[in-house]
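These notes are about the structure you will find just below.
The values are calculated or read from the model by the stated rules, or taken from the named source; none is laboratory data. Owing to the predicted nature of the structure, the values given are computational and were not obtained by experimental measurement. We place every Cβ from the backbone using ideal geometry, glycine too, and count neighbours over all the protein chains shown. In case anyone asks, the SASA skips ligands and DNA or RNA and just uses the protein heavy atoms, side chains included. Shrake-Rupley method; radii C 1.70, N 1.55, O 1.52, S 1.80 Å.
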Amino acid sequence: MSTDLPESAVPPPTDSSEPSSAPTRRTFIATSTAVGGVVLAGGVIGGTLLGPEEAGAAAAAPSSRVSLTVNGTRRTVTVDNRTSLLDLLREYFGLTGSKKGCNAGACGACTVLVDGHRVNACLTLAVRMEGVEVTTIEGLADGDQLHPLQ
Amino acid sequence: MYPFAYTRVSDTREALNAGRRGGRYIAGGTTLVDLMRETVERPETLVDISGLPLREVTATERGGLRIGALVTMSQAAADRKVRSLYPVISEALELSASAQLRNMATIGGNIMQRTRCTYFRDVTAACNKREPGSGCAAREGFNRMHAILGTSDDCVATHPSDVAVAFAALEASVHLLGPDGERTLPFADFLLRPGSTPNREQAVQRGELITAVEIPALPRPLRSGYLKVRDRQSYEFALTSAAVALHVSGGVIREAKVAAGGVGTVPWKLPAVEQHLVGERPSEALWAAAVARAAEGARPLRHNRFKPELLQRTVERQLRIVGGTK
Ligand SMILES: Cc1cc2nc3c(=O)[nH]c(=O)nc-3n(C[C@H](O)[C@H](O)[C@H](O)COP(=O)(O)OP(=O)(O)OC[C@H]3O[C@@H](n4cnc5c(N)ncnc54)[C@H](O)[C@@H]3O)c2cc1C
Ligand code: SF4
Ligand code: FES
């Protein structure tokens with residue numbers, strides 16, 4: 001059985017090295033204060049950043065809405081398109097069992113199951129996870145019985 | 001990572017439309033997301049093609065195989081037709097990357113992957129491939145992993161794919177779909193040597209979509225396999241590698257397909273070795289004689305002077321393994 005959680009939003013990835021993200025983030029926060037009601041955790045629901053003509057074209061938005069199931073719980077979030085599945089799990093869902101090692105596909109510390117297949121969450125864009133089932137190390141327990149990996 | 005728009009397409013026409021407008025296709029994302037994070041790649045729009053119906057391995061009428069561009073590396077490696085007809089392909093795939101990456105990465109993305117030259121990935125270094133005209137930091141830098149064949153003054157980077165070496169050996173072809181319709185390129189024309197334009201790595205036009213890689217039929221029985229030599233046993237790209245396929249009948253080699261990886265700016269087909277083998281009986285002496293000129297024309301760099309000899313030994317060893325003499 002999957003539980004439905006209220007929709008939430010995710011701010012852009014925290015990466016200080018990128019020139020373009022600072023103004024973007026500032027704009028996000030400014031906008032989110034104005035629209036208070038739809039804002040969670042400092043982010044905004046997709047679309048509010050855009051001008052009226054762009055707002056119609058979802059393809060042009062820097063953020064997108066995605067619904068996925070994480071360890072049996074259905075979640076709907078709006079993510080900055082740059083957010084990795086790993087950051088979504090760790091920073092916004094608080095599932096810190098998947099680790100960030102290299103952040104480049106080379107160590108496997110971020111391994112999760114997507115629809116039953118193991119993948120690197122660091123190289124997976126969260127925005128691509130529409131409709132999938134994600135299982136993290138936290139989700140491997142069978143009731144109170146811990147999985148050997150745990 | 002720079003901001004980008006994201007769009008998902010569900011048929012090839014939609015994909016081509018988005019591609020023509022400058023959208024960048026994303027399949028497994030294992031090359032693209034990595035390079036976007038390093039700001040080496042800066043696409044404005046990502047076009048998610050993972051929903052396209054290019055996920056099948058099918059037998060061709062003439063006895064070959066057609067591998068859809070979106071078949072994952074793990075799916076192709078496990079496919080029963082691939083395993084029984086061309087073990088060299090499944091072996092090359094199983095020696096690539098990691099199980100997690102192979103579950104994500106696709107065949108189309110694999111042959112489109114960019115070099116692993118560390119200077120290419122470092123946006124502060126001079127690199128003609130990333131920024132034409134800026135120079136090549138690898139020439140005077142650390143170049144142990146770099147190419148000795150097919151290099152130019154402008155670039156000495158290797159093509160990193162393993163399965164591309166098998167495709168080159170087997171003389172595969174690449175099926176492409178563009179605004180003007182379909183076309184097919186021999187694998188040898190698909191990947192480009194650097195010359196004076198190292199920034200162009202594949203003969204793909206803007207917006208063109210790879211739909212499949214086709215492996216031609218070869219006479220049976222065919223024995224084939226892939227050998228990869230590397231500094232450590234996993235997660236590592238080839239220092240050298242060899243893809244070999246041999247058709248032996250009546251005790252004589254009738255057909256030989258041989259290519260090497262880790263040494264060329266593209267997978268390096270070895271026609272001189274092939275010609276030496278055809279018409280001969282497998283023997284220890286034959287393998288040794290056949291590879292004598294395998295590294296002809298090599299231009300080693302400061303840190304990879306060992307590569308010509310390692311290349312010969314790698315090919316010789318794989319000929320022995322596939323050809324069946326001890
Ligand atoms: C840590 C690590 C280790 C690795 N080790 C190896 C190894 O040992 N051997 C090896 O061979 N590889 C290795 N790789 C590379 C890996 O195999 C490639 O990243 C992968 O195959 C790329 O496929 P993808 O589907 O993820 O491509 P993506 O990242 O989605 O795309 C790559 C490029 O191809 C383009 N593209 C994708 N599909 C199509 C299509 N159908 N038509 C037109 N263009 C397309 C994209 O626009 C992009 O430019 C390694 C990668 C990592 C991160
Ligand atoms: S070898 Fe090629 S990819 Fe590497 S730094 Fe030189 S130009 Fe760039
Ligand atoms: S964090 Fe190293 S592979 Fe993902």
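Pairs of Cα atoms nearer than 8 Å and 6+ residues apart set the relative contact order; for the range B:28-129 it is 30 percent.
Using only the C-alpha atoms of chain B, find the volume of their convex hull and express it per residue in Å³.
Values: hull volume 41.9 nm³, N = 326.
Output value, Cα hull per residue: 129 Å³.
Of the peptides B:39-49, B:239-249, the ranking by mean beta-carbon count within 10 Å, highest at the top, reads B:239-249, B:39-49.
Taking the simple approach of a point 7 Å from Cα along Cα-to-Cβ for both B:Arg42 and B:Ala288, what is their distance in nm? It works out to 5.6 nm between the two label points. Summary of packing: across the peptides B:306-312, B:210-216, the per-residue average of other C-beta atoms within 10 Å ranks them, highest first, as B:210-216, B:306-312.
Pairing the Cα long axis of helix B:307-323 with the longest principal axis of chain B, what angle in degrees results, from 0 to 90 and rounded to the nearest 10? For B:307-323 against chain B, the angle is about 70 degrees. Packing, taken as the mean count of other beta carbons within 10 Å per residue, orders the peptides B:12-18, B:78-84 from highest to lowest as B:12-18, B:78-84. Beyond 20 Å, the tail of the calculated P(r) for the range B:151-225 holds 41 percent of the Cα pairs. With R₀ fixed at 41 Å, the C-beta to C-beta distance from B:Asp153 to B:Arg83 puts the FRET efficiency at about 0.45.
Peptide A:97-106 shows a mean partner chain C-beta count of 3 within 10 Å per residue C-beta. Across the range B:223-323, Cα pairs under 8 Å and at least six residues apart give a relative contact order of 28 percent. Each 20 Å bin from 0 upward holds the following percent of the Cα-Cα pairs of the protein assembly as shown: 23, 52, 22, 3, 0. Extending 7 Å from the Cα toward the beta-carbon at both B:Asp180 and B:Arg281 defines two label points whose distance is 5.4 nm. Counting only DSSP beta bridges with both residues in chain B, the antiparallel share comes to about 85 percent. Calculated mean residue ellipticity, 222 nm, chain B: -7500 deg cm²/dmol, from DSSP H runs (n ≥ 4) at -39500 (n - 2.57) each, averaged per residue and rounded to 500.
Remark: the range B:223-323 carries 43 Å² of accessible area per residue (probe radius 1.4 Å; ligands, DNA and RNA excluded). The mean number of partner chain beta-carbon atoms within 10 angstrom of a residue's beta-carbon across peptide A:119-129 is 6. For the range B:1-90, the normalised intensity computed at q = 0.12, 0.24 Å⁻¹ comes to -0.48, -1.09 (log10 of I(q)/I(0), Debye sum over alpha carbons, equal scatterers, no solvent).
Stokes-Einstein, applied to the Kirkwood radius of the range B:276-326 over Cα pairs at a viscosity of 1.306 mPa s and 10 °C, places its translational diffusion at 136 µm² s⁻¹.
Size of the range B:5-51 from its Cα atoms: along the principal axes, largest to smallest, the extents are 31, 19, 13 Å. Hey, for a label at A:Cys102 modelled as a point 7 Å past Cα toward Cβ, could you say which residues of the range B:126-147 have their backbone N under 16 Å away? Counting only backbone N, you get B:145. Shielding by partners for peptide B:37-46, expressed as the average number of C-beta atoms from other protein chains within 10 Å of each residue's C-beta, is 3. Dividing the mean sequence gap of close Cα pairs (under 8 Å, 6+ apart) by how many residues chain B holds gives a relative contact order of 17 percent.
Expressed as a whole percent, the accessible area of the protein assembly as shown that falls on carbon and sulfur atoms is 50 (1.4 Å probe).
From the Kirkwood radius over Cα pairs of the range B:206-326, Stokes-Einstein at 4 °C and 1.567 mPa s returns a whole-number translational diffusion coefficient of 84 µm²/s.
Just to be sure I follow: if Rg is taken over the C-alpha atoms of the range A:63-139 and Rh is the Kirkwood radius over the same atoms, what is Rg/Rh? Spell out each step's value before the answer.
Working: Rg = 11.0 Å, Rh = 12.0 Å.
Looking at the range A:63-139, the ratio lands at 0.92.
Simple spin-label estimate for B:Thr58 and B:Glu14 gives 2.1 nm between the two label positions (7 Å along the Cα-to-Cβ direction from each Cα). Surface burial for B against A, with a 1.4 Å probe and both sides summed, reaches about 2400 Å² of accessible area.
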